[in-house]
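Notes follow the structure.
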Amino acid sequence: MAATPAPSADSPEGATPAFSPLYQQIKGLILQSLQAGEWKPGEAIPSEMDLAARFRVSQGTVRKAIDELAAENLVVRRQGKGTFVATHAEQHVRYRFLKLVPDTGEAGPAQRSILECRRQRASAEVARALQLRTGDSVVQVRRVLSFSGVPTILEDMWLPGNPFKGLTAEQLDAHQGPTYALFELEFGVRMVRAEEKIRAVAADAQQATLLAMPEGAPLLSVERLSYTYNDVPMELRRGLYRTDTHHYRNELN
């Protein structure tokens with residue numbers, strides 16, 4: 001399988017096109033299979049030898065493609081067992097999108113209180129974020145996350161209606177693991193990356209009541225847009241975080 005040219009929008013007509021490295025092409029083909037659900041979260045993907053035969057390339061090329069997928073937390077290598085589709089149910093990645101940690105002690109499990117889960121028409125702002133049309137069906141969820149009995153995060157989530165058809169407050173309340181693991185298990189939607197915007201805000205009267213804080217208390221506002229494969233947006237989430245006993249922690253590398 002030879003490397004194929006990837007046309008560049010910046011190249012003048014007749015110029016030599018840029019070439020996509022072979023391992024990047026193989027990575028793209030593996031991503032297509034992941035997106036199509038050929039291998040489910042938590043399942044093993046074929047061995048490097050089998051993938052090399054399937055795509056008619058060397059094992060080294062396949063290995064380099066899988067190395068990149070592993071670095072992006074899309075697959076997980078297990079020594080002596082093979083390579084598996086990553087899942088948010090995995091212990092070491094299960095809360096990798098949640099960056100709020102306590103100032104002292106270890107982070108314990110969150111207690112969730114679902115305040116609302118209903119279908120509604122997407123506003124222009126939500127539709128734009130989720131690449132929908134204004135008025136399309138979305139599922140809107142509001143909940144409070146508490147740690148050690150203290151309400152700490154107030155979240156609003158908007159999910160596209162079709163992929164999350166049938167999602168209920170009872171499902172969200174009953175699921176013990178990460179919400180993203182529920183999305184994988186029940187709806188076949190895997191969040192693979194996210195973008196966040198962070199700013200400081202003051203709690204209004206309703207927010208203060210739900211978070212058991214004085215009105216006007218400082219909060220950290222975190223807006224997250226989460227994507228599944230091929231950069232398809234699948235969730236808009238707006239969270240208000242108390243930071244009197246917690247802080248936002250991120251690792252940069």
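The values are calculated or read from the model by the stated rules, or taken from the named source; none is laboratory data. The structure displayed is predicted, hence computed values, not measured ones. Counting neighbours? That spans all protein chains shown, and the Cβs are built from the backbone with ideal geometry, glycine included. Accessible surface is based on the protein model in full, side chains and every heavy atom, while ligands, DNA and RNA are left aside. Shrake-Rupley method; radii C 1.70, N 1.55, O 1.52, S 1.80 Å.
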Practice problem: Output the number of the condition that Leu219 fails; it satisfies all remaining conditions of (1) modelled with pLDDT of 95 or more; (2) over 17 Å from the mean Cα position of the chain (by Cα); (3) open to solvent by 30 Å² or more (accessible area, probe 1.4 Å). | Solution: (3)
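Which one is nearest to Gln32 (Cα to Cα), of the residues in the stretch 58-91 that are touching a Phe, Trp or Tyr at 6+ places or on another chain (Cβ under 6 Å) and assigned to a strand (DSSP E or B)? If you could, list the steps in order and put the result at the bottom.
We begin by selecting, within the stretch 58-91, every residue touching a Phe, Trp or Tyr at 6+ places or on another chain (Cβ under 6 Å); these are 61, 64-65, 76, 85, 88.
Then drop every residue that is not assigned to a strand (DSSP E or B), which leaves 76, 85.
Working: Val76: 17, Val85: 13 Å.
Filtering first and then ranking leaves Val85.
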Quiz prompt | Meets criteria (in contact with a strand residue (DSSP E or B) (Cβ under 9 Å, 6 or more places away or on another chain) and modelled with pLDDT of 85 or more) for Glu68 | solution = no
Quiz item: Across the stretch 120-152, which residue is farthest from the chain's Cα centre (by Cα) among those that are of a type in the set (A, V, I, L, M, F, W, C) and open to solvent by 40 Å² or more (accessible area, probe 1.4 Å)?
Solution: Val150
Quiz item: What are the residues in the stretch 172-209 that are crowded, with 16+ Cβ neighbours inside 10 Å and modelled with pLDDT of 95 or more, if any?
Solution: Ala203, Gln207, Ala208
Practice problem: Out of the residues in the stretch 225-245 that are buried (at least 19 other Cβ atoms within 10 Å of the Cβ) and within 21 Å of Ala110 (Cα to Cα), state the one that is nearest to the chain's Cα centre (by Cα). | Solution: Ser226
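Would you mention how many residues in the stretch 36-52 are open to solvent by 70 Å² or more (accessible area, probe 1.4 Å) and in a helix (DSSP H, G or I)? Give the derivation first.
At the first step, the residues of the stretch 36-52 found to be open to solvent by 70 Å² or more (accessible area, probe 1.4 Å) are 36, 38, 40, 43, 49-50.
Of the ones still in play, those that are also in a helix (DSSP H, G or I) are 49-50.
Here the count works out to 2.
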